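The values are calculated or read from the model by the stated rules, or taken from the named source; none is laboratory data. All of these numbers come straight from a predicted model, not from anything done at the bench. Cβ sites come from the backbone with ideal geometry, for glycine too, and all protein chains shown count toward neighbours.
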Amino acid sequence: MDINVVIGAALVCAAGGILPWINSELALVGAALLLPRPALLVLVLACAMGQMVAKLALYGATCWAPHRLPARARVGLARAEKYRDRPRLMGAAVFTGALVSVPPFYLVTLACGVLRIPLALFALAGTAGTVVRYGALAWAGAALGTN
């Protein structure tokens, strides 16, 4: 039963990575309420990987077809173009977007794809921020539960 909860939460996190109206955080906290504490690390890692696989697909899609973004988004991204050659700043922006989702990590992902931020930088910073955010949420969910 526990593995089904982990897989289900990871799939919701993957779907939420592409469809921003799906609340992956709620799925993670709900799963943390159901699981014993030793399973929380597996839950966090599975959900983070589900989220990042989706974000990497979104990143790839925007690298491949940036012209498909709305004109308003392209104008905003053109202003961010000057930051492309500042990898520390871009890494911090990706980490922060993944950590607190302000600005939403979805928008950060689109910007990184269009600006062609190095894939390794995006993947590492995004995964780190997502693991920290999901870890804090899982801990909070477990603290609320009876596990």
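Just one of the listed residues (18, 3, 7) is touching a residue at least 12 places away in the same chain (Cβ under 8 Å) and over 12 Å from the mean Cα position of the chain (by Cα), and it is 7. Cβ separations smaller than 7 Å between residues 6+ apart or across chains give the following pairs from the range 93-119 residues that are closer than 17 Å to residue 78 by Cα to residues that are among the charged types (D, E, K, R) and buried (at least 24 other Cβ atoms within 10 Å of the Cβ): 109/55.
Those helices (runs of 4 or more DSSP H) of the range 1-82 in which 2 or more residues are farther than 18 Å from residue 145 by Cβ, of a type in the set (S, T, N, Q) and out of contact with any Phe, Trp or Tyr (no Cβ under 6 Å at 6 or more places or on another chain) occupy 40-64.
The residues of the range 101-138 that are more than 17 Å from residue 54 (Cα to Cα), part of a helix (DSSP H, G or I) and touching a helix residue (DSSP H, G or I) at 6+ places or on another chain (Cβ under 7 Å), listed by number, are 115, 132, 135, 137, 138. Checking each residue in the range 23-40 for being within 12 Å of the chain's Cα centre (by Cα) and either surrounded by 15 or more Cβ atoms within 10 Å (Cβ to Cβ) or of a type in the set (D, E, K, R) (or both) picks out 24, 25.
Filtered by the rule that a residue be modelled with pLDDT of 75 or more and among the charged types (D, E, K, R), the range 29-83 gives 37, 55.
Residues in the range 10-27 that are out of contact with any Ser or Thr (no Cβ under 8 Å at 6 or more places or on another chain) and of a type in the set (Val, Ile, Thr) were compared, and the one that is nearest to residue 137 (Cα to Cα) is 22. Scanning the range 38-66 for residues that are more than 14 Å from residue 18 (Cα to Cα) and of a type in the set (Gly, Ala, Ser) gives 39, 46, 65. Taken over the range 122-147, the criterion of being of a type outside the set (Gly, Ala, Ser) and either buried (at least 16 other Cβ atoms within 10 Å of the Cβ) or within 22 Å of residue 31 (Cα to Cα) (or both) is satisfied by 122, 127, 130, 131, 132, 133, 134, 137, 139, 144, 146, 147. The condition (being of a type in the set (Ser, Thr, Tyr), surrounded by 12 or more Cβ atoms within 10 Å (Cβ to Cβ) and closer than 30 Å to residue 4 by Cβ) is satisfied by just one residue among 106, 83: 106.
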